[in-house]
Amino acid sequence: MSIIEVRNLNKYYLQGKDKNHILKNISMKVNEGDFLGIIGPSGSGKTTLLYCLSSLETIDEGEILFEGENIKDFSDKKVSDLRQKSFGFIFQFYNLIPNLTAYENILLASVIANKINEERIDSLLEMVGMKEYKNYFPNEMSGGMQQRVAIARALVNEPKVIFADEPTGNLDQKKGKEIMDLLYKLNKENNITIILVTHNEDYLKYCSRTINLIDGEFIE
């Protein structure tokens, strides 16, 4: 069953007077439980595609359907609810709030979505191996530790899809593998759909499907 369907997606950016065609007639389906890897050279449109799929960016032409509904038809509030409650985000930069502890960073995400569940936060901290560090501030944690907190934050509102944009980009090889192992476990054991942008071809072994994006077009 497809959870996201894309039909003839086109995205443009204006560069001065020029119109740069970033994504070109993209059509694809993401099935529930997929671990989809998007790879391609720098400037190929990988992150732009991820942002369009997750409604962080609007599209210029085409349609993106989430569970059969066209996101273009959503009100601003419904799009916001979609991002807060159905989608989780993991970025290359951890984006933790520096004056909040690990626990409080995760709690804030649940407060914003009005889905506060303190037992779930504790459970997630344990799942990502950060329970004993729950009262640590970001500057007291390594990069790998911060990314584990970011993953727990992404999961706290029980999303159906996690969008991961170069989630290991700031980590060494060992820590990067630990994060990928954790994402793979979440996908297999919790059936969470994951859409991953990466430049590291070694990580494609974790993916159930791969899209190679070149000059705004893809080869699957």
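Listed here are the residues, each with its yes/no results for (1) farther than 16 Å from residue 159 by Cα; (2) in contact with a helix residue (DSSP H, G or I) (Cβ under 7 Å, 6 or more places away or on another chain).
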{"residue": "21", "(1), (2)": "yes, no"}
{"residue": "35", "(1), (2)": "no, yes"}
{"residue": "39", "(1), (2)": "yes, yes"}
{"residue": "45", "(1), (2)": "yes, no"}
{"residue": "49", "(1), (2)": "yes, no"}
{"residue": "53", "(1), (2)": "no, no"}
{"residue": "59", "(1), (2)": "yes, yes"}
{"residue": "72", "(1), (2)": "yes, no"}
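Those residues that are in a strand (DSSP E or B) and on the phi > 0 side of the Ramachandran plot, I need them from region 6-27; list them, please. Before you say what the answer is, go through the steps one by one.
Looking only at region 6-27, we keep the residues that are in a strand (DSSP E or B), and these are 6-15, 18-27.
Correct list: 8, 25.
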Next on the checklist: Anything in region 28-78 that is more than 14 Å from residue 2 (Cα to Cα), crowded, with 17+ Cβ neighbours inside 10 Å and over 15 Å from the mean Cα position of the chain (by Cα)? List them, or say none.
Outcome noted: 40, 44, 45, 59, 62, 71
Next on the checklist: Criterion first (free of Cβ contacts under 8 Å to residues at least 24 places away in the same chain and not hydrophobic (A, V, I, L, M, F, W, C)) does residue 134 satisfy it?
Outcome noted: no
Checklist entry - Of the residues 85, 115, 160, which is under 21 Å from residue 36 (Cα atoms), out of contact with any strand residue (DSSP E or B) (no Cβ under 9 Å at 6 or more places or on another chain) and among the charged types (D, E, K, R)? => result 85
Checklist entry - Among the residues of region 160-177 satisfying the criterion of being over 16 Å from residue 194 (Cα atoms) and not basic (Lys, Arg), which is surrounded by the most Cβ atoms within 10 Å (Cβ to Cβ)? => result 176
Next on the checklist: Restricting to region 8-43, give me the number of residues that are more than 18 Å from residue 161 (Cβ to Cβ), of a type in the set (D, E, K, R) and touching a strand residue (DSSP E or B) at 6+ places or on another chain (Cβ under 7 Å).
Outcome noted: 3
Checklist entry - Looking at (1) surrounded by fewer than 19 Cβ atoms within 10 Å (Cβ to Cβ); (2) part of a helix (DSSP H, G or I), which is the one condition that is false for residue 106? => result (1)
Checklist entry - Quick one: is residue 97 farther than 21 Å from residue 31 by Cβ, surrounded by fewer than 15 Cβ atoms within 10 Å (Cβ to Cβ), of a type in the set (A, V, I, L, M) and touching a helix residue (DSSP H, G or I) at 6+ places or on another chain (Cβ under 7 Å)? => result yes
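Using the structure shown, decide if residue 189 is surrounded by fewer than 19 Cβ atoms within 10 Å (Cβ to Cβ), closer than 21 Å to residue 37 by Cα and out of contact with any helix residue (DSSP H, G or I) (no Cβ under 8 Å at 6 or more places or on another chain).
Details: surrounded by fewer than 19 Cβ atoms within 10 Å (Cβ to Cβ): yes; closer than 21 Å to residue 37 by Cα: yes; out of contact with any helix residue (DSSP H, G or I) (no Cβ under 8 Å at 6 or more places or on another chain): yes.
Criteria met by residue 189.
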Checklist entry - Can you find even one residue in region 140-159 that is outside any helix (DSSP H, G or I) and under 13 Å from the mean Cα position of the chain (by Cα)? => result yes
Checklist entry - Restricting attention to region 160-179, which residues are outside any strand (DSSP E or B) and under 27 Å from residue 85 (Cβ atoms)? => result 160, 166, 167, 168, 169, 179
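Given the options 196, 182, 213, name the one that is aliphatic (A, V, I, L, M), outside any helix (DSSP H, G or I), surrounded by 16 or more Cβ atoms within 10 Å (Cβ to Cβ) and at pLDDT below 95.
On the way: 196 fails: at pLDDT below 95; 182 fails: outside any helix (DSSP H, G or I).
The unique qualifying residue is 213.
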Checklist entry - Which members of region 50-85 meet the condition of being touching a Phe, Trp or Tyr at 6+ places or on another chain (Cβ under 7 Å) and among the polar types (S, T, N, Q)? => result 54
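The values are calculated or read from the model by the stated rules, or taken from the named source; none is laboratory data. Every value quoted in this text rests on a predicted model; they were computed, and no experiment measured them. Backbone-built Cβ (ideal geometry, glycine too); neighbour counts: all protein chains shown.
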